[in-house]
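**Q** Below is the structure I would like to discuss, written out as structure tokens.
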Amino acid sequence: MWLLFAFGSAFFAGITSILAKCGIKDTDSTVATAIRTIVVLAFAWIMVFISGSQVQLISLDGKTLLFLILSGLATGASWLCYFRALQLGDVNRVVAIDKSSTVLTIVLAFLFLGETVNGQKGIGVVLIGLGTWLMLEKKKEQGQVAPMKSWIFYALGSAVFASLTSILGKVGISNIDSNLGTAIRTIVILVFAWIMVFVTNKQTTISSIPKNELGFICLSGLATGASWLCYYRALQDGLASVVVPIDKLSIVITIAFSYVVFHEKLSKRSALGLALIVIGTLVMLIS
């Protein structure tokens, strides 16, 4: 059953990127992150009360709460980096770097969670890494190769913090229901995101957000909430080194929608890279 939740996480994560991209054309990415987190938080706590897991609040221990807070901070940092990169760069390339967090997550799961890495899983890691590299080709403008811009640094930051999120989150939900864990860590993300809005003095731009973009931001929040609930339910019952690669298959959904919505096309090299990422993920799933 946890495999179905993992694939559900991948689908909703895939459409999240597209909806978010539509919502940050003229809206600051930090403000958009803070607004969409409100939607995710509401969604998460609704699921807590539907599942009845709020009764576990009184039995939370210090270790669980600490790791949920750390996971929330890592997620907040990852989101801020990701949506800034998404605002500056193409969906295809930003998502490719973000999904490379799979490799780092597997390494961290081996080092800190004791999850084994066999030969097949190692091959999968190599294929994913190679595929990601192939998808990072530089655009050609007027016959010249354009240099990579600042978006790549934000995308790399997103990948690093996403890896930390998975490991910290795995520890944080080891003794509580995944819905409650998701809701608690979302509170941390919300506080973190709004602190960043006020620190950068971007709260003045909220009133000027176009209504259509606000709608897409809220929809991306709903998609994120659904993805998270599926992801952490899968993470609670399954192996982090398997759940994370499945979740990263959302890149296929994102690229398919980016072609339809934004008309972003893959070159032969990028298509080969995407194929290697998918094959590498599947190799790890059957290992």
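Just so it is clear, none of the values below were taken in a lab; they were calculated from the coordinates. Values in this document were obtained by computation on a predicted structure and should not be read as measured data. Every residue, glycine among them, receives a Cβ derived from its backbone with ideal geometry; neighbour counts consider all protein chains shown.
**Q** In whole Å, how far is the Cα centre of region 92-141 from that of region 234-277?
**A** Each part reduced to its Cα centre gives a spacing of 11 Å.
**Q** Per DSSP helix of 4 or more residues, -39500 (n - 2.57); summed, then divided by the residues of the chain. What does that give at 222 nm, rounded to the nearest 500?
**A** -26000 deg cm²/dmol
**Q** Residue 49 to residue 265: extension gain in nm, 0.36 nm per residue of separation minus the Cα-Cα distance?
**A** Answer, rounded to one decimal: 73.5 nm.
**Q** Aspartates and glutamates near residue 202 by alpha-carbon distance under 12 Å, same-chain residues fewer than 8 away left out - which ones?
**A** Straight-line reach from residue 202, under 12 Å: 28.
**Q** Cross-link list 25/99; 21/99; 21/211: which exceed 19 angstrom alpha carbon to alpha carbon?
**A** Working: 25/99 23 Å; 21/99 17 Å; 21/211 15 Å.
The pairs that break the limit, which is 19 Å between Cα atoms, are 25/99.
**Q** Using only Cα atoms, locate the centre of region 37-86 and the centre of region 161-215, then give the distance between them in Å, rounded to an integer.
**A** 7 Å
**Q** Over the alpha carbons of the chain, what is the largest minus smallest coordinate on each principal axis, giving the biggest first in Å?
**A** Result, largest extent first: 63, 54, 28 Å.
**Q** If you count, for each residue, the other Cβ atoms within 10 Å and average over each peptide, how do 266-279, 154-167 line up from highest to lowest? Write out the running numbers ahead of the final one.
**A** Working: 266-279: 17.1, 154-167: 22.4.
Put in order of decreasing packing, that is 154-167, 266-279.
**Q** Please give the net charge around residue 105, taking every other residue with its beta carbon less than 13 angstrom from that of residue 105, where Lys and Arg add +1 and Asp and Glu add -1.
**A** +1
**Q** Report the FRET efficiency, 1/(1 + (r/R0)^6), for residue 3 and residue 198, where r is their Cβ-Cβ distance and R0 is 45 Å, rounded to 0.05.
**A** 0.60
**Q** I need the helices of the chain that pass two filters: whole DSSP H segments spanning 15 Å or more by Cα along the axis, and mean Kyte-Doolittle score no lower than 1.6.
**A** Answer set is 29-51, 101-112, 178-199, 250-262, 268-285.
**Q** Over the chain, with a Gaussian network built from C-alpha contacts below 10 Å, which listed residue (114, 122, 181) shows the highest mean-square fluctuation?
**A** 114
**Q** Let me ask something else. Going through region 25-114, which chymotrypsin sites (Phe, Trp or Tyr not before Pro) have at most 11 other Cβ atoms within 10 Å and a DSSP loop state? Mind dumping the intermediate values first?
**A** Working: sites: 43, 45, 49, 67, 79, 82, 83, 110, 112; in loops: none.
Sites meeting the loop and neighbour criteria: none at all.
**Q** Could the peptides 233-239, 254-260, 54-60 be put in order, highest first, of the mean number of other beta-carbon atoms found within 10 Å of their residues?
**A** Averaged packing, sorted descending, gives the order 233-239, 254-260, 54-60.
**Q** Given a Förster distance of 35 angstrom, what is the FRET efficiency for residue 239 paired with residue 59, based on the Cβ-Cβ distance and rounded to 0.05?
**A** 0.85
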